[in-house]
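The values are calculated or read from the model by the stated rules, or taken from the named source; none is laboratory data. The structure presented is a predicted model; accordingly, all values stated were derived computationally and were not measured. Don't worry about glycine lacking a Cβ; one is built from the backbone with ideal geometry, like all the others, and counts go over all protein chains shown.
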Amino acid sequence: MKLGVNIDHIATLRQARREAIPDPIDAAKECIKGGADGIVCHLREDRRHIQDKDVYRLRELPTRLDLEMAATDEMVKFALKVKPDYVTLVPEKRQELTTEGGLDVVRNSKKLKPIVKKLQDKGITVSLFIDPVAEQVEESALLLARFIEIHTGTYANAINPAKKKLEYQKIGTFTQKALLIGLKVNAGHGLDYQNVKDIVRIFGIEELNIGFSIVARSVIVGMKKAVEEMREAIK
């Protein structure tokens with residue numbers, strides 16, 4: 001099972017002070033050294049973290065780039081210029097802290113169909129970020145997307161054991177359904193070092209896309225070294 005690392009929150013820290021550091025590209029290079037199979041970034045319409053120039057620079061790295069974006073004319077034009085390996089179409093609300101659920105491909109089918117075709121005709125693999133729901137999986141196949149990415153956030157955030165088990169079963173069930181109708185499957189959102197241990201048991205998921213928990217962990221495990229280097233600099 002492959003690992004795509006989302007480096008959005010490195011840019012979140014940078015944008016908090018509008019500084020040049022930390023550089024998401026430096027972070028991406030470290031992810032590659034650590035064994036990431038690809039880099040994921042979400043270029044939001046309000047540019048709250050990742051910036052256009054970041055995406056262009058990430059594209060130059062020797063790894064696969066998955067660009068998450070809303071299904072808008074602006075973003076499609078941008079993707080066609082950058083030509084990432086993957087585009088993952090996601091829902092986007094200006095007021096949300098993070099993506100809150102899957103894209104409703106059933107309701108937005110008419111809008112999505114030409115976008116999927118336009119991107120894939122240019123050699124960009126399209127993935128649709130959806131909830132584990134039968135109708136969403138079926139419509140994704142009808143749209144001729146090559147991948148879906150199953151939203152694991154409801155599972156990850158469930159506190160009640162019965163609810164968590166049900167959501168886990170849905171992820172497994174609709175992964176198998178997707179495979180049977182010709183879709184490839186990725187999964188992500190809300191995954192951390194603990195709950196990922198169950199997700200990796202689900203047969204057929206090709207890649208997990210994980211961001212926040214990895215970035216949060218990197219702050220802790222790197223702190224000792226950062227302090228030592230600062231002490232050395234002061235001397």
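Screening segment 137-177 for residues that are part of a helix (DSSP H, G or I) and polar (S, T, N, Q) and picking the one that is farthest from TYR193 (Cα to Cα) gives SER140.
Is segment 2-9 home to any residue that is out of contact with any strand residue (DSSP E or B) (no Cβ under 8 Å at 6 or more places or on another chain), buried (at least 16 other Cβ atoms within 10 Å of the Cβ) and in contact (Cβ under 8 Å) with a residue 12 or more places away in the chain? Within segment 2-9, one or more residues are out of contact with any strand residue (DSSP E or B) (no Cβ under 8 Å at 6 or more places or on another chain), buried (at least 16 other Cβ atoms within 10 Å of the Cβ) and in contact (Cβ under 8 Å) with a residue 12 or more places away in the chain. Residues in segment 196-212 that are in a helix (DSSP H, G or I) and either among the aliphatic types (A, V, I, L, M) or closer than 20 Å to THR88 by Cα (or both): VAL196, ILE199, PHE212.
Taken over segment 31-68, the residue count meeting the criterion of being crowded, with 17+ Cβ neighbours inside 10 Å, aliphatic (A, V, I, L, M) and either out of contact with any strand residue (DSSP E or B) (no Cβ under 9 Å at 6 or more places or on another chain) or closer than 20 Å to GLU207 by Cα (or both) is 6.
Note on segment 1-32: residues that are within 21 Å of LEU191 (Cα to Cα) and of a type in the set (D, E, K, R) total 3. Assess whether VAL227 counts as being farther than 23 Å from ASP37 by Cα, more than 17 Å from the chain's Cα centre (by Cα) and at pLDDT below 95. Taking the combined requirement at face value, the residue satisfies it. Filtering segment 76-102 down to residues that are assigned to a loop (DSSP other than H, G, I, E, B) and at pLDDT 95 or above, which residue is surrounded by the most Cβ atoms within 10 Å (Cβ to Cβ)? Filtering first and then ranking leaves PRO84. Summed over segment 148-176, residues that are of a type in the set (A, V, I, L, M) and either in contact (Cβ under 8 Å) with a residue 12 or more places away in the chain or crowded, with 19+ Cβ neighbours inside 10 Å (or both) total 4. The set of residues in segment 24-45 that are closer than 22 Å to MET223 by Cβ, at pLDDT 95 or above and assigned to a loop (DSSP other than H, G, I, E, B) is empty.
Within segment 182-223, if we keep just the residues that are among the small types (Gly, Ala, Ser) and farther than 22 Å from ASP131 by Cβ, the residue that is surrounded by the most Cβ atoms within 10 Å (Cβ to Cβ) turns out to be SER218.
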